[in-house]
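Participant: Take this structure, written in structure tokens, and hold onto it; I'll ask about it next.
The values are calculated or read from the model by the stated rules, or taken from the named source; none is laboratory data. Just so it is clear, the structure is predicted and the values come from calculations on it, not from any experiment. Don't worry about glycine lacking a Cβ; one is built from the backbone with ideal geometry, like all the others, and counts go over all protein chains shown.
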Amino acid sequence: MEAEPGVRETPDDTALLHAHAAGDPYAFAEIVRRHRDRLWAVALRTLGDREEAADALQDALLSAFRAAGNFRGESAVTTWLHRIVVNACLDRIRRRQSRPTVPLPETDITPAPVTDRDTAMDVQQALQQLAVEQRSALVLVDVQGYSVAEAAVILGVAEGTIKSRCARGRARLAVMLGHLRNPVGSGGVPSPNSAEAATGAAANRKEGGA
Amino acid sequence: MTTFSDADFDLLADFVGGALDGTPEADDVRRLVSTDEAWAEAYGALVTAEVAVRDRLTALGAEPLPVPADVAHRLNAALQDAVVAPRPGAPVLDLARAREARRHRRQRWAIGLATAAAVLICGGFGVPLVVSGQHDKGDTVTSNADGGGKGEAAPQSAPSPVGSGGTRSSIRSDAALVASGQDYGPGTVGQLAKVSPPAAAMAGEGSGNADTSKSGKPEDVPAELRRLRDPVARAACLNAVVGEYGGQVALVDYARFEGQPALVVIVDGTRLGAGKRLVIAVGPDCGIGGAIADELYRGVA
């Protein structure tokens, strides 16, 4: 027996997507097999509901299946798939006009005592209380481990916007999870808005991210 | 007591999260933090809390969250339906003509005019395993041609062979399909090449006969090879092998190679064999994208 070293040449996602577009009936299923767990995690953590996540993932994958011919290779296939899945989730959230975010008109920034954490929300529950823009950014970056740049491509916004959504989302989660004291609505500090003459800070900044 | 408005809270959060880096606002907040005790206290608290939140979110992401089996099944079914559904603008299938065409194909098969196809009913599977030689027209012969299965309406056909010219079969007429489930290694896989395809391996279409002496128990065959039990998928794999190395497939065994699920293929007359048989072990992804894709072992014997 004269053995030659075996060569493994697993087609990459792009090759599989092109094969699918060319009519290979198995190529797309292979792409799904590779990425479905991560896509499922994103859908479930963004929507917070198993059935909704299953519906969104199915819609998204069928959409990707049909739109494969439009894939231009400007991003990785997995990024492209995530964008379709996240958009499907956001569409569902907007359609159902989900629960409003927890209003935090006056927020105490004092560190919370340990005992506060006994009654703190589960992190998954707390995520669902965030504005959907903050939640989807945090799910991608902090939970799923995507870079800010990748999350920006997936969500179709600037990197600075992702940073801002994540930062503000984390700050609100810190309150909900008991890492910062709950609002007590008294006292105050000079706001950069009220002290703008002294500081020059922008008064009506809606969302950070240059 | 330190109380911020929403706007202050967001601004401080942006600062802590780096969203203000390089902007004038960052300098403003930095000045406040360094000169105002309340802002300094708030900044310190938020930095600490943010680290804790990041840790919890990271821990959440570390929890495995595989697709539940029922959801996976549902996705597979939906995608399979999508595969067999006619694409927009696709010609409408004339069922009467399709049945007639299938009947002609069966007749060609039955009288041996179909080019080099071999069928072995694999014992224990209850599923006819078919190797098609008619690749040049993308017209894969299947043993359940009148079954009305989903594969009939599939808009896609098996990939054409690469390098065979499509003028002669890539499958020997007496090629055999075996499902031994055996775990081969480099020292043992060559034995398979010394086995001539048994005459009993040739079976009529849908005869239900099985060469059980050559077939393993169903449980011996790795489940990962299920995809390659589909005639179209298997044909795509074998076409890829022959397209790469030339020759004709003489034997296919659903088995393992060094513990990994493998389709072991014996090919005669290859460019590499120099008169010897090529033994190649391929994994479950063989044929995807029209390529071997998943070669585990290659040798001559």
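Participant: Hey, among the residues in segment B:1-46 that are of a type in the set (Phe, Trp, Tyr), facing chain A (nearest Cβ under 7 Å) and assigned to a helix (DSSP H, G or I), which one's farthest from the chain's Cα centre (by Cα)?
Facilitator: Filtering segment B:1-46 down to residues of a type in the set (Phe, Trp, Tyr) leaves B:4, B:9, B:15, B:39, B:43.
Still in the running and facing chain A (nearest Cβ under 7 Å): B:4, B:9, B:39.
Those still in the list that are assigned to a helix (DSSP H, G or I) too: B:9, B:39.
Working: B:Phe9: 51, B:Trp39: 58 Å.
Per the criteria, the residue is B:Trp39.
Participant: For residues that are modelled with pLDDT under 85 and over 12 Å from the mean Cα position of the chain (by Cα), scanning just segment B:279-296, find the one that is farthest from B:Gly247 (Cα to Cα). Full working, then the answer.
Facilitator: Restricting attention to segment B:279-296, the residues satisfying the condition of being modelled with pLDDT under 85 are B:285-296.
Adding the requirement that they be over 12 Å from the mean Cα position of the chain (by Cα) leaves B:295-296.
On the way: B:Glu295: 17, B:Leu296: 19 Å.
The selected residue is B:Leu296.
Participant: Take the residues in segment A:160-171 that are more than 7 Å from chain B (Cβ to nearest Cβ) and surrounded by 24 or more Cβ atoms within 10 Å (Cβ to Cβ); name whichever of them is nearest to B:Phe9 (Cα to Cα). Don't jump to the end; show me each part of the working.
Facilitator: We begin by selecting, within segment A:160-171, every residue more than 7 Å from chain B (Cβ to nearest Cβ); these are A:161-162, A:165, A:169.
Next, from what is left, pick out any that are surrounded by 24 or more Cβ atoms within 10 Å (Cβ to Cβ): A:162, A:165, A:169.
Numbers: A:Ile162: 17, A:Arg165: 13, A:Gly169: 11 Å.
Going through the qualifying residues, I end up with A:Gly169.
Participant: Further question on the same structure: Quick one: is B:Glu244 outside any loop (DSSP other than H, G, I, E, B), at pLDDT below 80 and closer than 17 Å to B:Gly283 by Cα? Show your work before the answer.
Facilitator: On the way: outside any loop (DSSP other than H, G, I, E, B): yes; at pLDDT below 80: yes; closer than 17 Å to B:Gly283 by Cα: yes.
Answer is yes for this residue.
This table checks each residue for (1) modelled with pLDDT under 90; (2) over 22 Å from B:Leu296 (Cα atoms); (3) part of a helix (DSSP H, G or I).
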{"site": "A:Val7", "(1), (2), (3)": "yes, no, no"}
{"site": "A:Thr10", "(1), (2), (3)": "yes, no, no"}
{"site": "A:Leu17", "(1), (2), (3)": "no, yes, yes"}
{"site": "A:Arg34", "(1), (2), (3)": "no, no, yes"}
{"site": "A:Leu39", "(1), (2), (3)": "no, yes, yes"}
{"site": "A:Ala43", "(1), (2), (3)": "no, yes, yes"}
{"site": "A:Thr46", "(1), (2), (3)": "no, yes, yes"}
{"site": "A:Leu57", "(1), (2), (3)": "no, yes, yes"}
{"site": "A:Ala67", "(1), (2), (3)": "yes, yes, yes"}
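Participant: So, in segment A:36-70, exactly how many residues are in contact with a His (Cβ under 8 Å, 6 or more places away or on another chain) and aromatic (Phe, Trp, Tyr)?
Facilitator: Final tally of qualifying residues: 1.
Participant: How many residues are in contact (Cβ under 8 Å) with a residue 24 or more places away in the chain, closer than 19 Å to A:Val143 by Cβ and either within 14 Å of another protein chain (Cβ to nearest Cβ) or touching a Ser or Thr at 6+ places or on another chain (Cβ under 7 Å) (or both) if we restrict to segment A:37-81?
Facilitator: Within segment A:37-81, residues that are in contact (Cβ under 8 Å) with a residue 24 or more places away in the chain, closer than 19 Å to A:Val143 by Cβ and either within 14 Å of another protein chain (Cβ to nearest Cβ) or touching a Ser or Thr at 6+ places or on another chain (Cβ under 7 Å) (or both) number 15.
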